[in-house]
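Report on the structure given below.
The values are calculated or read from the model by the stated rules, or taken from the named source; none is laboratory data. Just so you know, these numbers come straight off a predicted model, no measurement behind them. As a convention, Cβ positions derive from the backbone with ideal geometry for all residues, glycine included, and neighbour counts pool all protein chains shown.
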Amino acid sequence: MKNAEYTREHLLYLKGLKRKTVFVQFLRVATLLLLLGFWELAATLEWVNPFITSSPSRIAKTIVDLYESGSLFYHVGTTLWETLAGFAIAVILGVLIALLLWWSDLLRRVLEPYIVVLNALPKIALGPLIIIWCGTGSKAIVFMTVIIGLIVCILNMLNGFLATDENKILLLKSMGATKLQILSKLVIPSALPNFISMLKINVGMAWIGSIMGEYIVSKAGIGYLIVYGGQVFKLDLVMSAVFILCVLAAAMYAAVALLEKRLIKNQR
C-alpha cells in the first residue's frame, strides 16, 4: 500500500539511493579493515618497529589485560562521566547565555569582544589556576571541559539566533507578537541547524577538554593511561587508550547524529 503512493521511477530512484548508502558503508568498513590489516602486517614483518607503532593484535591484548585486571571500565567510566558532565554543562550554559545576548542588544554589544578574546585564549594556560580553584580531582577536569566548550557553544548559537530572517520577525511584530513569542515560535526553531552543528563540534571539544584536564591532573581515566603509558614507555597502553578514546568519541558523535535525524523527522 505504501509503495502504491510512489511512481515506478521514484521507487527505482529510492532503491538506487539505498544501494549507494550500503556501498558507502561497505567501503568504510573495508577501508578500516584494510588499514588495520596493513598495520598488523607491517608490525609482524617489522617493516616498522612494533615497540614504537604497536599493532592491532597488541592493542587488543592490552585491552583484554585491562579488562581482566578490572581497570578498563574504571578508567573508561571516569573519563566518560567527566566528558558527559562537561559537555552537558557547556551546552546548557552556552544556549542560555546566547539567548540572553540575543535578548539584550546592549549586553551583546558590550560582551561580544570579551567572548571573542576568551575564545582565542589557550585554555591550557589556565591549568595552574584551575588546579588552585577546583583542586586536583574530577572537578578540575569537568571545569576544563566546560570552559573549552562553552565559548564555542555561545558563538555558534548566537550566530544562529541572529541569522533569523528579519522579514519574518517584522511580520510577527506586525501581528502583535511579543518578544518571547518571537523567540519561542521563530528564533529557536530556525536555529535548530546551528544547535545540531554546535553539538557535533562540542563532542570533539568535550573530549579534548576532559583529556587535556586529565593530562594536567588526574589519577584515573583515559588521559591518565596515555600519560602513564608514555612515562614508562608502555606504548601499547598508549595506543590502546587512544583506540578506546576514538571508539567513545565516535559513539558520542553517532548519538548526536541520531538526535539530528529524530529532530528533523519531528519537524516534518
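In summary, residue 96 fulfils each of the numbered conditions (1) in contact with a helix residue (DSSP H, G or I) (Cβ under 9 Å, 6 or more places away or on another chain); (2) under 19 Å from residue 195 (Cα atoms) with the single exception of condition (1). Selection of first residues in region 109-130 that are of a type in the set (D, E, K, R) and of second residues that are in a helix (DSSP H, G or I) and surrounded by 10 or more Cβ atoms within 10 Å (Cβ to Cβ), restricted to Cβ pairs under 8 Å at least 6 apart or on distinct chains, gives the following pairs, ordered by first then second residue: 112/101; 123/144; 123/147; 123/148; 123/209; 123/212.
Let's see how each residue does on (1) more than 21 Å from the chain's Cα centre (by Cα); (2) farther than 27 Å from residue 126 by Cβ:
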| position | (1), (2) |
| --- | --- |
| 197 | no, no |
| 224 | no, no |
| 228 | yes, no |
| 232 | yes, yes |
| 235 | yes, yes |
| 240 | no, yes |
| 250 | no, yes |
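Only helices (runs of 4 or more DSSP H) whose full extent lies in region 11-107 are considered here, and the ones with at least 3 residues that are touching a residue at least 24 places away in the same chain (Cβ under 8 Å) and among the aromatic types (Phe, Trp, Tyr) are 72-103. A single member of 206, 241 is closer than 18 Å to residue 149 by Cβ, modelled with pLDDT of 90 or more and surrounded by 21 or more Cβ atoms within 10 Å (Cβ to Cβ), and it is 206.
Let's see how each residue does on (1) assigned to a helix (DSSP H, G or I); (2) in the same structural domain as residue 125 (by TED's automatic domain parsing); (3) of a type in the set (Ser, Thr, Tyr); (4) touching a residue at least 60 places away in the same chain (Cβ under 8 Å):
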position: 211; (1), (2), (3), (4): yes, yes, no, yes
position: 215; (1), (2), (3), (4): yes, yes, yes, no
position: 218; (1), (2), (3), (4): no, yes, yes, yes
position: 237; (1), (2), (3), (4): yes, yes, no, yes
position: 240; (1), (2), (3), (4): yes, yes, yes, yes
position: 243; (1), (2), (3), (4): yes, yes, no, yes
position: 247; (1), (2), (3), (4): yes, yes, no, no
position: 260; (1), (2), (3), (4): yes, yes, no, yes
